[in-house]
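The values are calculated or read from the model by the stated rules, or taken from the named source; none is laboratory data. Note that the structure is a prediction, hence the values are computed from the model and not measured. Here the Cβ positions follow ideal geometry from the backbone for every residue, glycine too, while neighbour counts run over all protein chains shown.
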Amino acid sequence: MKKTGFLLVTLLLALSMVLGGCEKMDSSVPAGMQLASSEDADYLFYVPEGWRVDKSSLYTAAYFSSGDATSISVTAFGVNMTGDTVSSWWESYTEQFAGIYEEMEVTAEEEVVLGGIDGKKYAFDATLNEKEYQYIIVAALRENYIYYITYTSTPKYYEDHLDELELVLEHFAFK
C-alpha cells in the first residue's frame, strides 16, 4: 500500500511539473496575441490573434484584413552611432518622405519607451497617390541599430486599432 501511495504521489508530482512547464511555455505569448517575429530576429514582436502575419519581406509585418489594410511592422537597420539619436534619424528619415509623399504633416511627437529603451513616438498624416494615410512610428536606438514600429492606416480605420497598437508596443521586447 505504501508503494502504491508513493507511486501515486510521484506520478502526480511529475504530472504537475509537466503541466506547469506547458503552462509556462504558453504564458510567454501574451494572452490574445501571437508571435509575429522570426526566431532570427533579436526582438519579440507580438500582434493580436487574427491579424495576418507576413514574414516574406525584410521586415516583420502584420495586417488586419483584406478589407481593412491597417498594418503594423517592425524594421531594424544599422546606423552610424557617432552623434546619432532617434531625433536625428527621424529628421533624415522624414527628408526622404519628400520624394515619396505628395503631402506630409507631423501631428504629434512624444518620448516613449520601446522594449525597455528610451525612444520617440511620431504621428503623421501623408498623402500618397492621392490617397490619405495616417501613421505612427515608434523608434528606439539600440546597439548600432534603429528599431522602429510603424502603424499604418487610412483615416476610416485609424482609430479602430489604436488599442491593438498599444498592446503591440507594450509587449515588444528585445531578446
(message) Of the conditions (1) without any contact (Cβ under 8 Å) to a residue 60 or more places away in the chain; (2) assigned to a helix (DSSP H, G or I); (3) surrounded by fewer than 13 Cβ atoms within 10 Å (Cβ to Cβ), residue 169 satisfies every one except a single condition; which number is it?
(response) (3)
(request) Would you list the strands (runs of 3 or more DSSP E) that sit entirely within region 77-144 and hold 3 or more residues that are touching a residue at least 24 places away in the same chain (Cβ under 8 Å) and not aliphatic (A, V, I, L, M)? (result) 117-128
(message) If the requirement is being crowded, with 17+ Cβ neighbours inside 10 Å and either out of contact with any Cys (no Cβ under 7 Å at 6 or more places or on another chain) or farther than 25 Å from residue 157 by Cα (or both), which of these qualifies: 62, 69?
(response) 62
(request) Could you tell me which residue of region 124-161 is nearest to the chain's Cα centre (by Cα), considering only residues that are more than 16 Å from residue 74 (Cα to Cα) and among the hydrophobic types (A, V, I, L, M, F, W, C)? (result) 124
(message) Which numbered condition in (1) at pLDDT below 95; (2) surrounded by fewer than 11 Cβ atoms within 10 Å (Cβ to Cβ); (3) of a type in the set (D, E, K, R) is the only one that residue 111 fails?
(response) (1)
